[in-house]
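Down below is the structure, laid out as structure tokens.
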Amino acid sequence: MISREICCKVLQKAVSTGADYAEIFAENTVNHSINMIASRVDAIKDAVIAGAAVRVYKGLRSVMATTVDTSESGLLRCAEKAAEALGEGTAAMDIVLRERLFGDIHPVKIVPATVSNKEKVAVLKEGYFAAKEYHASIKQVSGTLLDVDHNILIANTEGLYTQDRQIRTRMALSAIAEKDGETQTGSFNPGARMGMELFEKVDPKAVGERAAKQAVTMVNAGYCPAGVMPVAIDNGFGGVIFHEACGHSLEATGVAYGRSQFAGKLGQKIANEKVTAIDDGTIANAWGSINIDDEGTPARKNVLIEKGVLKSYMIDKFNGRRMGMPSTGNARRQSYAYTPTSRMTNTYIAPGTDKNEDIIASIEYGLYCKEMGGGSVNPVTGEFNFAVSEGYMIRGGKICEPVRGASLVGKGSQVIQDIDMVGTDLEMGQGMCGSSSGSVPTNVGQALIRVSSITVGGR
């Protein structure tokens, strides 16, 4: 996108007032989406994001400027603005950029841009009508087929010059069921860092049926009783509880400033010994995977918690300066318009050795959370509140009637101590995670787990 020669000139301009580090991040991204509602295609959209950011450091100060003009003159003006904002001074830095090729561990077989809208609509319709025709109580279905082609370039005063291409594809289906004037929603949103070959592994019809089944089950369910009880949380998107309640508190964004429930606890036992938690950006073709992060650091597998002991944080370059620790390949940003910071990629609780039937059988009276929904968390205190999208009561060690309106309320540092059984059936779920550097694709995951005691909100 931008030559090495131009990058060198821009970086020299960026450090001209005394910066000790400068970086260029440029991108050209095409987002393509097809939306369906009311049994017809409602919209086909293309959105192009193109621009660049110049960021400079001086000690623990950081300034970033952005531009949509990626010509040489436009980039030099952007670098000048960043340099001026950093302060007055002079500096001379010998910058030699060498191109690095980090390879691609996420091969794409069918680039979505080469597939016609007609073919894409056919895939979406298959899922859409599977949901719509699932049951007479389904009153509305909405669906989206999304593909993203994200191209980035990174150059910095450490001599790095590299580029990466990230292609992702996702289907999202939502169904609303109605009974006696009340409605419930079910959804399923699988995605991966791959092209249209995603649908060689993911059956669109099964996606629609899963979304509709959840809606129908919940509209026929009674309300969940409230109380403190043991809870079994299923695999896949159930991992969102660790992602939100604990994962954000392990990002350097908060840890570097002491604004985290886990700050200063490296090497300490913070969880049940059954808990090993990992953030791994190298999983082939996974939704949250990367080859390099948005500072050009190669992706890696980071063991965050090992058998209950805190082993690592997720760290970006700038916050790593404050912490005196190197980057772990977790710097991410939604686009060039956002300042990167430490973010999760594919974060999960590693599988254990407990059998699923033993986990359920161990609960005399409690809640089985088959699907988790959205929620909120305070990363400083770890206090959280999560909705349960699909839940069932457990009685006498058996999964019984479905219940709706359930929520889980607690504190991250406590819940990971109370996870006392972990199954073997690891599965991932896909989501978009929002933070100070925007919205980025992340995977959450776990096997079936048991939380020995947690507050369940209900009626």
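Just so you know, all these numbers are worked out from the coordinates, no wet-lab data involved. Remember, predicted model here, so these are calculated numbers, not experimental data. Glycine gets a Cβ as well: all are built from the backbone with ideal geometry, and neighbour counts include every protein chain shown.
Below 29 Å, Cα to Cα, which lysines can K9 reach? Residues fewer than 8 away in the same chain don't count.
Result set, ordered by chain and number: K58, K81, K317.
What is the angle, in °, between the Cα long axis of helix 72-86 and the longest principal axis of the Cα atoms in the chain? Nearest 10 is fine, range 0 to 90.
80 degrees
Quick one: Cα convex hull volume of segment 227-457, Å³ per residue?
For segment 227-457, the hull spanned by Cα atoms encloses 102 Å³ per residue.
For segment 176-284, what value does the Rg/Rh ratio take when both radii are computed over Cα atoms and Rh is the Kirkwood radius, given to two decimals?
Numbers: Rg = 19.3 Å, Rh = 18.1 Å.
Looking at segment 176-284, the ratio lands at 1.07.
Relative to the Cα centre, what is the charge dipole magnitude of the chain, using +1 at the beta carbon of each Lys and Arg, -1 at the beta carbon of each Asp and Glu, and rounding to the nearest 20 debye?
With only Lys, Arg, Asp and Glu charged at Cβ, the dipole is about 320 debye.
How do I315, I95, I37, I292 rank when sorted from fewest to most other Cβ atoms within 10 Å of their own Cβ? Present the calculation step by step, with values, prior to reporting the outcome.
Details: I315 28, I95 18, I37 15, I292 22.
With the fewest neighbours first, I315, I95, I37, I292 line up as I37, I95, I292, I315.
Anything over 21 Å Cα to Cα? Flag those among K269/K355; K139/K179; K139/K201; K307/K370, in the order listed. Spell out each step's value before the answer.
Values: K269/K355 25 Å; K139/K179 10 Å; K139/K201 28 Å; K307/K370 25 Å.
As for pairs spanning more than 21 Å Cα to Cα, those are K269/K355; K139/K201; K307/K370.
Relative contact order for the chain: what percent, with Cα pairs under 8 Å and sequence separation of 6 or more? Mind showing how you got there, number by number?
On the way: 1295 pairs, mean separation 72.5, N = 459.
Relative CO of the chain lands at 16 percent.
Report the one residue of A263, L304, P402 whose Cα lies farthest in the direction of the positive end of the charge dipole of the chain (charges on C-beta: Lys and Arg +1, Asp and Glu -1; origin at the Cα centre).
Most positive-ward Cα: A263.
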